[in-house]
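**Student:** Before I ask anything, here is the structure I am working with.
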Amino acid sequence: MELVRPILTVDIVLLMLRSDELHVLVQRRDKPPEEGRLALIGGYVHPEEDGSTAAAAVRVLRDKAGVETRLLEQLMTFSGEVRDPRGWSASVAYYALLPGDYLPVSHDLVALPLREAKGLAFDHDTIVAKAAERVRRRSAYSSLPAFLLPPAFTLSGLRRAYEVIFGRSINDSAFRRKIDELRMIEAIPGSASKASARPAQLYRLIELGVVEFDRTL
């Protein structure tokens with residue numbers, strides 16, 4: 001029996017908040033298979049230099065998109081003999097969140113509205129859908145949406161990030177009260193946003209990583 005060597009890759013669902021809408025960063029493939037089609041940013045795991053699949057994802061994001069994200073979390077593994085025409089393959093998928101002011105470093109990178117992320121190469125439609133579902137579910141009880149914003153943000157900007165992910169509006173006063181009770185952010189002394197005629201106080205996360213709450217927001 002011929003020995004089958006599985007292909008091991010990583011794929012990253014890189015989500016951004018642009019124009020009040022979630023976008024996913026994809027890349028147009030420049031070689032077979034699926035040449036010319038949009039696909040998630042991904043690549044082979046290099047055992048000689050990658051200490052883990054997470055390290056491979058960090059390297060791929062850096063090399064292909066010029067991205068160093070504050071948040072990178074494993075989603076799940078997708079595997080089988082039909083997902084890639086090159087042979088039996090396994091992809092460890094990750095999702096990452098990035099502020100919307102990121103500018104693609106290569107002309108083949110595209111920020112695609114999440115609602116339009118269909119018809120991607122391989123099984124990437126499924127990976128994107130699973131990532132979107134995970135982000136929506138986890139956002140209900142954590143500080144995850146804050147990672148779609150710059151490190152310094154306004155309360156209205158934070159509320160809008162939650163609203164976009166949930167797909168519904170949130171009462172402003174109720175949101176401010178809950179955020180205050182959860183103690184997930186702190187005011188940055190002497191700082192204010194200049195985005196409007198009325199400067200707004202800037203805040204930052206108290207913890208560097210995602211904080212989970214004991215209740216839903």
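**Student:** Given the criterion surrounded by fewer than 15 Cβ atoms within 10 Å (Cβ to Cβ), under 19 Å from VAL210 (Cβ atoms) and not β-branched (Val, Ile, Thr), identify the matching residue among MET76, MET16.
**Tutor:** Values: MET16 fails: surrounded by fewer than 15 Cβ atoms within 10 Å (Cβ to Cβ).
Checking each option against the conditions leaves just MET76.
**Student:** I've got another one for you. Would you pick out the residues in the stretch 171-194 that are assigned to a loop (DSSP other than H, G, I, E, B), without any contact (Cβ under 8 Å) to a residue 24 or more places away in the chain and under 29 Å from ARG115 (Cβ atoms)?
**Tutor:** Listed by number, the list holds a single entry, ASN171.
Residue by residue, here is whether (1) outside the structural domain of ILE185 (by TED's automatic domain parsing); (2) modelled with pLDDT of 95 or more; (3) within 30 Å of ILE188 (Cα to Cα) holds:
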{"residue": "ARG70", "(1), (2), (3)": "yes, no, yes"}
{"residue": "MET76", "(1), (2), (3)": "yes, yes, no"}
{"residue": "GLY87", "(1), (2), (3)": "yes, no, no"}
{"residue": "SER91", "(1), (2), (3)": "yes, yes, no"}
{"residue": "LYS130", "(1), (2), (3)": "yes, yes, no"}
{"residue": "VAL135", "(1), (2), (3)": "yes, yes, yes"}
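**Student:** For the stretch 49-56, check the following and say yes or no: at least one residue is assigned by TED's automatic domain parsing to the domain that holds VAL105, in contact (Cβ under 8 Å) with a residue 40 or more places away in the chain and either among the aromatic types (Phe, Trp, Tyr) or surrounded by fewer than 16 Cβ atoms within 10 Å (Cβ to Cβ) (or both). Lay out the reasoning, then the answer.
**Tutor:** Initial filter on the stretch 49-56 (assigned by TED's automatic domain parsing to the domain that holds VAL105): 49-56.
Among the residues that remain, those that are also in contact (Cβ under 8 Å) with a residue 40 or more places away in the chain are: 53-54, 56.
From the residues that got through so far, the ones that are either among the aromatic types (Phe, Trp, Tyr) or surrounded by fewer than 16 Cβ atoms within 10 Å (Cβ to Cβ) (or both) too are 54.
Yes, the stretch 49-56 contains at least one residue that is assigned by TED's automatic domain parsing to the domain that holds VAL105, in contact (Cβ under 8 Å) with a residue 40 or more places away in the chain and either among the aromatic types (Phe, Trp, Tyr) or surrounded by fewer than 16 Cβ atoms within 10 Å (Cβ to Cβ) (or both).
**Student:** Which condition number does LEU217 fail, the rest of (1) farther than 30 Å from LYS31 by Cβ; (2) of a type outside the set (Gly, Ala, Ser); (3) in a helix (DSSP H, G or I); (4) out of contact with any Leu (no Cβ under 7 Å at 6 or more places or on another chain) being met?
**Tutor:** Checking LEU217 against (1) farther than 30 Å from LYS31 by Cβ; (2) of a type outside the set (Gly, Ala, Ser); (3) in a helix (DSSP H, G or I); (4) out of contact with any Leu (no Cβ under 7 Å at 6 or more places or on another chain), the one that fails is (3).
**Student:** Let me ask something else about it. Which of the residues that make up the stretch 93-109 are closer than 21 Å to TYR44 by Cα, at pLDDT 90 or above and not aliphatic (A, V, I, L, M)?
**Tutor:** TYR94, TYR95, ASP108, listed by residue number.
**Student:** Can you name the condition, by its number, that THR77 falls short on among (1) part of a strand (DSSP E or B); (2) in contact (Cβ under 8 Å) with a residue 40 or more places away in the chain; (3) not small (Gly, Ala, Ser)?
**Tutor:** The number of the failed condition is (2).
**Student:** For the stretch 196-209, give me each residue that is touching a residue at least 40 places away in the same chain (Cβ under 8 Å) and closer than 22 Å to ASP20 by Cα.
**Tutor:** ALA200, GLN201, LEU202, TYR203, ARG204, LEU205
The values are calculated or read from the model by the stated rules, or taken from the named source; none is laboratory data. Keep in mind that this is a model prediction, so the values were computed, not measured. Methodologically, a virtual Cβ is constructed for each residue, glycine included, from the backbone with ideal geometry; neighbour enumeration extends over all protein chains shown.
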